[in-house]
1. How far, in degrees from 0 to 90, does helix 208-229 lean away from the longest principal axis of the Cα atoms of the chain, to the nearest 10?
2. Please go through the residue pairs LYS106/LYS140; LYS70/LYS106; LYS145/LYS233 and name each one whose alpha carbons sit more than 30 Å apart in this structure.
3. The list (i) -0.40, -0.71, -1.09, -1.31; (ii) -0.21, -0.53, -1.04, -1.36; (iii) -0.40, -0.83, -1.14, -1.29 gives values of log10 I(q)/I(0) by the Debye sum over Cα atoms at q = 0.07, 0.11, 0.15, 0.17 Å⁻¹, and only one came from this structure; which label was calculated from it?
4. Suppose every Lys and Arg Cβ carries +1 and every Asp and Glu Cβ carries -1, with no other charges. What dipole size does the chain come out with about its Cα centre, to the nearest 20 debye?
5. Figure the gain on full extension for SER229 and ASN188 (residue separation times 0.36 nm, minus the Cα-Cα span) and round it to one decimal in nm.
6. Would you mind pulling out the separation of the Cα centroids of the stretch 23-78 and the stretch 181-227, in Å?
7. For ASN37 and TYR249, FRET efficiency with R0 = 51 Å and r from the beta-carbon atoms, rounded to 0.05?
8. Could you give the alpha-carbon Rg of the stretch 111-234 over 2.2 N^0.38 Å, rounded to two decimals?
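Every read-out reported here was derived from the displayed coordinates using simple, explicitly stated rules and does not represent laboratory data. Because the structure is a prediction, the values reported are computed rather than measured. So basically every Cβ, Gly included, is an ideal-geometry build from the backbone, and we count neighbours across all protein chains shown.
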Amino acid sequence: MNINSDVLVSAIQKVMTNFEERFGDSLSLQDIADKTNSSYTTIREIKKGILKNLSVKKALEISKRLDGPKNLEELVKETKTADPNEAQELSRRFSHLFDFNMMPEKFDDLIANKDFSKILWAAFSVSHISRKEILYRWGKDGEDKLEYLLELGIVIEESGLIKGVAEKAGGDIKSAYKQLGIGYGLYNIANAEKEENWISLQTNSVNLTFVQEFREDLRALFAKFDEKSNSSKYAGNKRVLFGMIFDRYLEDIHEEDLNQ
């Protein structure tokens with residue numbers, strides 16, 4: 001059985017029917033599309049049972065927004081033809097999506113999440129970011145994420161701007177590592193041609209003194225970025241990120257190890 005087109009669409013049909021029964025004729029398909037952050041076409045094709053591709057993640061999102069089941073096993077059980085064993089198997093295979101209602105709450109997790117990081121980066125910058133800009137850049141999905149961050153108290157809306165709450169900020173090594181990955185994915189080669197960014201990779205074999213001294217050089221460079229970017233002299237609307245990795249990529253091997 002095709003999970004997406006058969007089981008999930010059938011289950012979401014049931015969730016939609018239950019939701020519609022609560023509101024009667026006053027509810028249109030466009031209303032459901034708006035509430036579930038979906039296109040009208042997607043909702044219409046689910047309603048008719050002809051949608052060919054419905055991801056597990058999207059099905060759980062629609063279900064949650066329509067007050068239906070928030071985990072896959074319960075959602076699949078909404079369809080009468082579902083095999084209980086199949087529902088359990090789906091739960092096991094897609095356990096990383098449970099429970100859809102379980103969003104990250106800690107700053108470290110949010111700042112390292114690509115869906116939230118850009119909003120948080122901007123909110124904690126000197127110029128902050130407006131709700132209007134968030135809506136323009138990331139649409140309704142971005143605005144929904146903003147509301148979640150406001151609810152957690154990690155950002156506030158003040159004088160038309162979204163600002164980060166310093167007391168809520170943090171960021172451990174793991175989150176910094178994940179943020180570097182997000183930043184690398186955003187690297188724009190066109191900006192290199194305009195001489196507006198820089199990326200490089202070098203390797204070598206050095207002694208421990210070099211490792212310790214160069215690490216401090218990089219720490220000083222990071223402090224310089226922090227100082228200059230927060231200066232009124234350089235205030236502007238060019239949103240930038242700055243990340244560094246300096247690490248030992250192989251463990252030590254001693255001569256006696258090689259001779260074994």
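1. So the helix axis and the longest Cα principal axis differ by about 60 degrees.
2. Details: LYS106/LYS140 23 Å; LYS70/LYS106 21 Å; LYS145/LYS233 32 Å.
Listed pairs above 30 Å: LYS145/LYS233.
3. (iii)
4. Details: 37 positive and 44 negative charges, 217 e Å.
Dipole about the Cα centre, nearest 20: 1040 debye.
5. Details: separation 41, 0.36 × 41 = 14.76 nm, distance 2.05 nm.
Difference between extended and current length: 12.7 nm.
6. 45
7. Values: r = 42 Å, r/R0 = 0.82.
Efficiency, rounded to the nearest 0.05: 0.75.
8. So the stretch 111-234 has a normalised radius of gyration of 1.26.
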